[in-house]
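A.B. asks: The structure that follows is given in the form of structure tokens.
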Amino acid sequence: MEDRMGWVRFVGFKMLRLLSLLAGVSVVSFILMQFSPVDPVEAYIGGDMIRVSAEQRSLIEDRWGLNDSPVERLLTWGQALVQGDLGTSMIYRQPVADIIQERFMNSVALMAVAWALSGLIGFGLGVVAGMKRDSRLDRLICWYCYTLASTPVFWIALLLLMVFGVWLGWLPIGLGVPAGMAADQVTWGDRAMHMILPALTLSLTGVAAIALHTRQKLVDVLDSDYILFARARGERGVQLFRRHGFRHVVLPALTLQFASFSELFGGAVLAEQVFSYPGLGQATVQAGLRGDVPLLLGLVLCSAIFVFTGNMLADILYRIIDPRMKEEAIG
Amino acid sequence: MRGFSWGKRSVRAGLGILLMCTVGLSGCTQGTSSTESVHQAATSLPKDELVLAVGTEPEGGFDPTTGWGQYGSPLFQSTLLKRDAKLQLVNDLATEHSVSEDGLTWTVTLRDDVKFSDGEPLTAEDVRFTFETAAKSGSVIDLTNMADVEAPDTTTVVFTLKSPQSTFISLLTTLGIVPEHAYGPDYAEHPVGSGPYKLVQWDKGQQAIVEANEQYYGKKSTFHKLTFLYLDEDAAFAAAQAGTVDIAAIPAAFSKQQVSGMKLESVKTVDNRGIMFPMQPAGAKSGDGLPAGNDVTSDISIRKAVNVAINRTALVEGVLEGRGRPAYSVSDDLPWSNPDSVFADANPDEAKQILADGGWVDTDGDGIVEKNGTKAEFNLLYFAGDLTRQSLALAAADMVAQAGIKVNVEGKSREETKKLAYTNAVLFGWGSHDPLETYNLYSSTHKGEGYYNTGLYSNPAVDHWMQQALQATTEEEALPFWQKAEWDGSTGFSYQGDAPWAWLVNIDHLYLVKNGLNIGEQQIHPHGHGWPVTSNLEEWSWDAESK
């Protein structure tokens with residue numbers, strides 16, 4: 001009974017935090033957009049600027065409500081948001097919710113695959129490196145991780161694109177579906193083929209942090225007295241790790257893995273750009289470059305919820321995996 | 001915001017560099033079985049289908065009333081008139097059009113045999129509906145000069161303008177007609193029109209698949225199905241290398257790379273770059289009250305000397321890798337341009353003479369001329385991040401330095417440039433199929449209004465000729481007036497006249513095209529890349545031997 005109350009309070013508290021976070025994030029983003037040098041009308045008109053008269057320009061401003069004061073605009077936006085309306089994108093001329101939903105479905109699959117892969121591979125590599133400390137294998141894994149950690153996502157993306165897309169021709173160079181194929185003929189296999197390179201890019205770069213942290217934690221654990229004792233009893237290798245190491249290293253790995261939601265999101269923006277993959281990333285770049293306030297705010301909210309969810313999942317898993325956490329004060 | 005643009009730029013830059021490296025390396029891999037098989041796979045596609053990577057995605061969808069089809073053709077819709085390869089007006093939906101004596105009433109007669117792709121007939125009511133919707137849309141389509149549009153019967157449309165505007169014709173050639181009966185909030189995603197093609201599928205952020213419209217009344221294309229991929233220029237180049245596309249638009253930086261199975265086509269353009277000079281002495285004000293004017297560039301001998309000193313052919317060779325041609329006006333080779341505006345350049349000695357005649361002499365021996373204590377020195381701004389503009393600005397500055405003028409080249413963001421453009425020389429790019437652009441750039445009505453006429457140029461004779469041009473009832477009638485505004489024998493906005501600009505180059509648009517694919521006779525393309533290449537799709541074909 002007490003346990004359940006603990007969960008309710010835990011979740012309720014989290015929700016409260018989420019709401020205040022979202023409010024804060026939207027106000028700050030809105031203010032930043034106000035100070036941004038990008039003139040949305042200019043960005044929208046783009047190359048047509050010499051054909052659009054001052055009169056037409058003010059028509060566009062009227063339509064977008066740019067003539068109201070910033071506070072008024074923020075309030076109008078907030079009111080609509082409370083009623084579940086995210087507004088209409090200026091450049092796409094479509095409800096923001098529709099755009100985000102459509103894009104999110106593409107991105108979420110990509111990010112999920114990349115996330116799972118990088119978590120499993122990274123954890124595995126970290127464990128192997130930690131267990132075989134100072135061996136050649138360990139050094140190889142560390143070298144690989146340091147190299148990856150210092151490599152920009154888009155550069156990896158480009159390398160993969162060149163090697164597998166252009167030179168070998170094994171995988172498509174971009175897009176989420178085959179060129180020119182009717183939607184009803186696109187198979188899951190096709191979608192998977194198109195997801196391989198962007199997902200590989202994301203997971204390759206995601207591996208480094210988790211592998212290095214896991215390795216370090218395992219090294220610390222292996223230096224402890226109880227491991228010495230366990231070794232003295234003749235335990236070694238897989239058995240030693242399973243009995244005494246696993247629980248110690250899996251927690252930091254999980255935290256990192258769920259906290260990496262934000263990097264995942266950022267990485268997806270770049271990877272999607274390189275592979276012309278139609279996810280949230282593309283939409284974010286467009287919204288930012290062209291000063292599309294409603295769309296950008298919608299995306300900011302969406303990413304905040306996404307990252308928040310990642311962190312909350314980590315907290316929940318902590319409570320499940322490590323019984324000691326339930327005793328501690330909430331927060 | 002900055003973060004995003006930085007990210008995108010570095011992606012592009014990185015991709016560019018990598019692609020270059022790759023091509024260097026792929027010299028060794030060419031002919032290996034894997035690359036070969038990719039190309040074979042691509043060429044074995046049915047010959048009545050094409051995959052194109054030629055333009056950016058119209059984010060707003062395929063609704064002409066909010067801007068779709070302003071460049072090139074709307075593809076799914078047809079326009080009242082259109083321009084042929086020579087940019088001459090030809091009828092499309094219209095059978096004839098006429099303008100009243102006062103230039104205010106335009107009457108267009110329509111064909112009566114046109115059907116939309118859903119089988120419904122296209123009538124004058126649809127045209128009226130289209131123009132009214134576009135006027136209300138608050139988009140890039142500027143119909144603020146249209147007072148009224150009526151459809152007295154099913155084949156007649158009457159437009160009433162607020163003031164005479166011969167360039168109104170451009171709206172008749174670019175605005176695609178939408179069906180009133182099938183128009184709704186989701187029209188942009190599901191367009192119905194009377195154009196040569198109909199949209200089959202739009203995978204947002206990725207591609208649009210189109211098929212021939214069976215109902216189309218005009219000449220049919222040999223290609224039954226087209227797939228437009230929305231790729232960045234760099235990604236488009238990678239796609240061409242991988243053999244995925246039949247035609248890809250590429251930047252000049254990639255033009256030296258060979259791509260097996262494809263040829264490079266350069267298309268002539270009016271996509272120009274030129275230097276705009278502030279025309280007033282310092283102390284003037286722009287329309288928004290920003291400081292304007294420049295004591296050095298307001299002197300005509302400086303502007304003429306800059307114009308003459310620049311070696312435009314060298315700019316084309318050096319900066320554009322030969323993919324372009326010298327520019328002498330905003331509208332080179334377009335019907336309303338005056339061929340007399342061409343002059344002999346690349347002559348620093350003549351430039352020195354012009355300066356000396358204007359009272360500019362180097363008295364302190366530092367290589368820079370001065371007049372009444374003012375040094376011949378000014379800033380030249382370009383949009384930071386645009387490599388072509390940067391190279392052009394630097395090269396031009398070197399050339400005019402030989403004549404004794406010091407030009408300080410500075411990269412600025414678009415936003416900064418907008419504020420500084422009234423007091424500094426700026427490297428701008430224009431080029432349009434609409435002479436209204438000429439009017440907006442040089443007319444004193446628009447001086448200091450946003451990007452219009454940032455130099456505050458004003459010449460009553462030029463204004464007079466351009467007013468005549470706008471009031472003309474037909475385009476042919478307007479042409480001589482436009483030409484006279486440029487140079488009427490005694491004054492004008494060309495080099496021979498007031499020289500408010502030093503035009504530098506017209507940049508060719510480059511396309512990698514599959515061997516054997518013939519893209520017909522292309523129009524002179526306007527500023528901006530992409531869609532115009534498809535405006536003559538009905539002329540595209542495969543050469544006989546490659547069938």
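A.B. asks: Taking a cut-off of 24 Å between Cα atoms, list the lysines near A:Lys132, but don't count ones fewer than 8 places away on the same chain.
C.D. replies: A:Lys217
A.B. asks: My understanding is that a pair violates if its Cα-Cα distance is over 30 Å; which of B:Lys225/B:Lys268; B:Lys263/B:Lys484; B:Lys256/B:Lys352; B:Lys268/B:Lys304 do that in this structure? Could you put the intermediate results ahead of the total?
C.D. replies: Numbers: B:Lys225/B:Lys268 27 Å; B:Lys263/B:Lys484 41 Å; B:Lys256/B:Lys352 37 Å; B:Lys268/B:Lys304 27 Å.
Distance filter (> 30 Å) returns B:Lys263/B:Lys484; B:Lys256/B:Lys352.
A.B. asks: At what distance in nm do the modelled label points of B:Gln258 and B:Thr160 sit from each other, each positioned 7 Å from its Cα along Cα→Cβ?
C.D. replies: In this crude label model, B:Gln258 to B:Thr160 measures out at 6.6 nm.
A.B. asks: Taking each residue of B:194-204 in turn, how many C-beta atoms of other protein chains fall within 10 Å of its C-beta, and what is the average? Present the calculation step by step, with values, prior to reporting the outcome.
C.D. replies: On the way: counts 0, 0, 0, 0, 0, 0, 3, 6, 1, 9, 10.
The per-residue average across the peptide is 3.
A.B. asks: Sticking with this one: Could you list the square roots of 5 times each eigenvalue of the Cα gyration tensor of the range A:153-246, that is, the equivalent ellipsoid semi-axes, sorted largest first and rounded to whole Å? Before the final figure, lay out each step's value.
C.D. replies: On the way: eigenvalues 407, 48, 20 Å².
Over the Cα atoms of the range A:153-246, the ellipsoid semi-axes are 45, 15, 10 Å.
A.B. asks: Run the helix sum for chain A: -39,500 (n - 2.57) per DSSP H stretch of 4+ residues, divided by residue count, reported at 222 nm to the nearest 500 deg cm²/dmol. Present the calculation step by step, with values, prior to reporting the outcome.
C.D. replies: Working: 15 runs with 240 residues, N = 331.
Taken over chain A, the calculation gives -24000 deg cm²/dmol.
A.B. asks: Using label points projected 7 Å from each Cα along Cα→Cβ, tell me how many nm separate A:Ala183 and A:Thr147, to one decimal.
C.D. replies: Going from the A:Ala183 label point to the A:Thr147 one covers 4.3 nm.
A.B. asks: Also, quick follow-up: To one decimal place, what Kirkwood hydrodynamic radius in Å is obtained for chain A from all pairs of distinct Cα atoms?
C.D. replies: Values: mean 1/r = 0.0435 Å⁻¹.
That comes to 23.0 Å for chain A.
A.B. asks: Another one. Calculate the length of the line joining the C-alpha centroid of the range B:420-471 to that of the range B:507-529, in whole Å.
C.D. replies: 29 Å
A.B. asks: Charges at C-beta only: +1 for Lys and Arg, -1 for Asp and Glu. How large is the resulting dipole of the range B:211-312 about its Cα centre, in Debye rounded to 20?
C.D. replies: Numbers: 11 positive and 11 negative charges, 94 e Å.
With Lys and Arg at +1 and Asp and Glu at -1, about 460 debye.
A.B. asks: Here's something else I'd like to know. Once you have a ≥ b ≥ c as the square roots of the Cα gyration tensor eigenvalues for the range B:323-429, tell me rounded if a/c is under 1.5, and otherwise prolate or oblate according to whether a/b is larger than b/c.
C.D. replies: It is oblate, given that a/c is not under 1.5 and a/b is not larger than b/c.
A.B. asks: Which value results for Rg/Rh of the range A:26-148 when Rg is the Cα radius of gyration and Rh the Kirkwood radius based on the inverse mean 1/r?
C.D. replies: Working: Rg = 24.1 Å, Rh = 19.3 Å.
Taking Rh as the inverse mean 1/r over Cα pairs, Rg/Rh reads 1.25.
A.B. asks: Using DSSP, restrict attention to beta bridges with both residues in the protein assembly as shown and report what percent are antiparallel, rounded to the nearest 5.
C.D. replies: Details: 60 of 76 bridges.
Of all bridge pairs located within the protein assembly as shown, approximately 80 percent are antiparallel.
A.B. asks: Now a separate question. Out of B:Ser98, A:Gln216, A:Ile99, whose Cα points farthest toward the positive end of the dipole of the protein assembly as shown (charges: +1 Lys, Arg; -1 Asp, Glu; placed on Cβ)?
C.D. replies: Working it through, the farthest residue towards the positive pole turns out to be A:Gln216.
A.B. asks: D for the range A:170-312, whole µm²/s, Stokes-Einstein with Kirkwood Rh over alpha-carbon pairs at 4 °C and 1.567 mPa s: what number? Provide the component values of the computation, followed by the final result.
C.D. replies: Details: Rh = 18.4 Å.
Diffusion coefficient, whole number: 70 µm²/s.
A.B. asks: Given springs between every Cα pair under 10 Å in a Gaussian network model of chain A, which of A:Pro37, A:Pro70, A:Pro278 has the largest fluctuation?
C.D. replies: A:Pro37
A.B. asks: A follow-up question, please. Please work out the FRET efficiency for the pair A:Val108 and B:Asp295, using the Cβ-Cβ distance as r and a Förster radius of 51 Å; give the result to the nearest 0.05. Before the final figure, lay out each step's value.
C.D. replies: Values: r = 60 Å, r/R0 = 1.17.
Using R0 = 51 Å, I get an efficiency of 0.30.
A.B. asks: For the residues A:Phe261, B:Phe343, what sequence is obtained by ranking on other C-beta atoms within 10 Å, fewest first? Intermediate values should be presented prior to the final figure.
C.D. replies: Details: A:Phe261 20, B:Phe343 14.
If I rank by nearby Cβ atoms, fewest first, I get B:Phe343, A:Phe261.
A.B. asks: Add +1 for every Lys or Arg and -1 for every Asp or Glu among the other residues with Cβ under 12 Å from the Cβ of B:Glu539, and state the total.
C.D. replies: Its environment carries a net charge of -1.
A.B. asks: Work out from phi, with θ = phi - 60° and the Karplus expression 6.51 cos²θ - 1.76 cosθ + 1.60, the ³J(HN,Hα) of each residue of the range A:21-26, listed in order in whole Hz, and give x for Gly and Pro.
C.D. replies: Along the range A:21-26, the couplings run 4, 4, 4, x, 4, 5 Hz.
A.B. asks: Taking neighbour counts of Cβ atoms within 10 Å as a proxy for exposure, in what order, fewest first, do A:Met5, A:Met131 appear? Before the final figure, lay out the partial values.
C.D. replies: Values: A:Met5 9, A:Met131 20.
Listing A:Met5, A:Met131 from fewest to most nearby Cβ atoms yields A:Met5, A:Met131.
A.B. asks: Across every pair of different alpha-carbon atoms, what Kirkwood hydrodynamic radius in Å does the range B:199-248 reach? Write down the numbers at each step before the final one.
C.D. replies: Numbers: mean 1/r = 0.0812 Å⁻¹.
Computed over Cα pairs of the range B:199-248, the Kirkwood hydrodynamic radius comes out at 12.3 Å.
A.B. asks: Each residue of the range B:225-241 in order: what ³J(HN,Hα) in whole Hz does its phi give by Karplus 6.51 cos²θ - 1.76 cosθ + 1.60, θ = phi - 60°, with x for Gly and Pro?
C.D. replies: Per-residue couplings from phi come out as 9, 10, 10, 9, 8, 9, 10, 4, 3, 5, 5, 5, 5, 4, 5, 5, 4 Hz.
A.B. asks: Taking +1 at the Cβ of each Lys and Arg and -1 at the Cβ of each Asp and Glu, which of B:Ser301, A:Val128, B:Gly69 sits farthest along the dipole of the protein assembly as shown towards its positive end, judged by Cα position relative to the Cα centre?
C.D. replies: After comparing all options, I get A:Val128.
A.B. asks: Report, by chain and number, residues whose modeled amide H sits under 5 Å from the one on A:Thr88, excluding near sequence neighbours (fewer than 5 apart, same chain).
C.D. replies: Those lying under 5 Å, H to H, from A:Thr88 are A:Val96.
A.B. asks: What net charge do the residues around B:Glu370 carry, taking every other residue with its C-beta under 11 Å from that of B:Glu370, with Lys and Arg at +1 and Asp and Glu at -1?
C.D. replies: Values: positive: B:Lys371, B:Lys375, B:Lys406; negative: B:Asp362, B:Asp364, B:Asp366, B:Glu377.
Every neighbour counted, the sum reads -1.
A.B. asks: Per 0.36 nm of contour for each residue apart, how much would the distance between B:Ala461 and B:Glu120 grow if the chain were fully extended, relative to their Cα-Cα spacing? Walk me through the numbers on the way to the answer.
C.D. replies: Details: separation 341, 0.36 × 341 = 122.76 nm, distance 5.08 nm.
Net length gain for the segment: 117.7 nm.
A.B. asks: Around A:Ala283, what is the net charge, scoring Lys/Arg as +1 and Asp/Glu as -1 over all other residues with Cβ under 10 Å from its Cβ? Can you show the working numbers first?
C.D. replies: Details: positive: A:Arg103, B:Lys204; negative: A:Glu102, A:Glu272, A:Asp292, B:Glu59.
Net charge around A:Ala283: -2.
A.B. asks: Stokes-Einstein D for the range B:284-376 at 20 °C, 1.002 mPa s, Kirkwood Rh over Cα pairs, in µm²/s?
C.D. replies: Working: Rh = 15.6 Å.
The Stokes-Einstein estimate is 138 µm²/s.
A.B. asks: Okay, next question. Return, for the Cα atoms of the protein assembly as shown, the radius of gyration and Dmax in Å, separated by a comma.
C.D. replies: 30.9, 108
A.B. asks: Taking the Cα atoms only, what angle lies between the long axis of helix A:54-64 and the longest principal axis of chain A, rounded to 10 degrees?
C.D. replies: The helix A:54-64 is inclined about 50 degrees to chain A.
A.B. asks: How big is chain B in terms of Cα radius of gyration and Dmax, in angstroms?
C.D. replies: 24.9, 79
A.B. asks: Could I ask something else about it? Could you work out which residue, out of A:Gly279, A:Gly237, A:Gly180, moves most in a Gaussian network model of chain A, that is, has the largest mean-square fluctuation with Cα springs under 10 Å?
C.D. replies: The residue with the greatest mean-square fluctuation here is A:Gly180.
A.B. asks: Hey, what do the phi angles of the range B:294-302 turn into as Karplus ³J(HN,Hα) couplings, whole Hz, using 6.51/-1.76/1.60 and θ = phi - 60°, x for Gly and Pro?
C.D. replies: Using θ = phi - 60°, the values come out as 7, 5, 7, 6, 6, 7, 5, 5, 4 Hz.
A.B. asks: Sticking with this structure for a sec: Give the relative contact order (percent, whole number) for the range B:241-301; include only Cα pairs under 8 Å separated by 6+ residues. Kindly include the intermediate steps, with their values, before the conclusion.
C.D. replies: Details: 41 pairs, mean separation 13.3, N = 61.
After rounding, I find 22 percent.
A.B. asks: What order do you get for A:Tyr318, B:Tyr442 when you list them from fewest to most C-beta neighbours inside 10 Å?
C.D. replies: Details: A:Tyr318 17, B:Tyr442 27.
Lowest count first: A:Tyr318, B:Tyr442.
A.B. asks: If amide hydrogens are placed 1.01 Å from N in the peptide plane, which non-local residues have theirs closer than 5 Å to the one on B:Trp503?
C.D. replies: Answer set, sorted by chain and number: B:Ile275.
A.B. asks: Next question. For labels at B:Glu49 and A:Ala116 in the simple 7 Å Cα→Cβ model, what's the distance in nm?
C.D. replies: 3.1 nm
Read-outs: derived from the displayed coordinates by stated rules, not from any lab. The model shown is predicted, which means the values in this text are computed figures rather than measured ones. Glycine also receives a Cβ, built like all others from the backbone with ideal geometry; neighbour counts cover every protein chain displayed.
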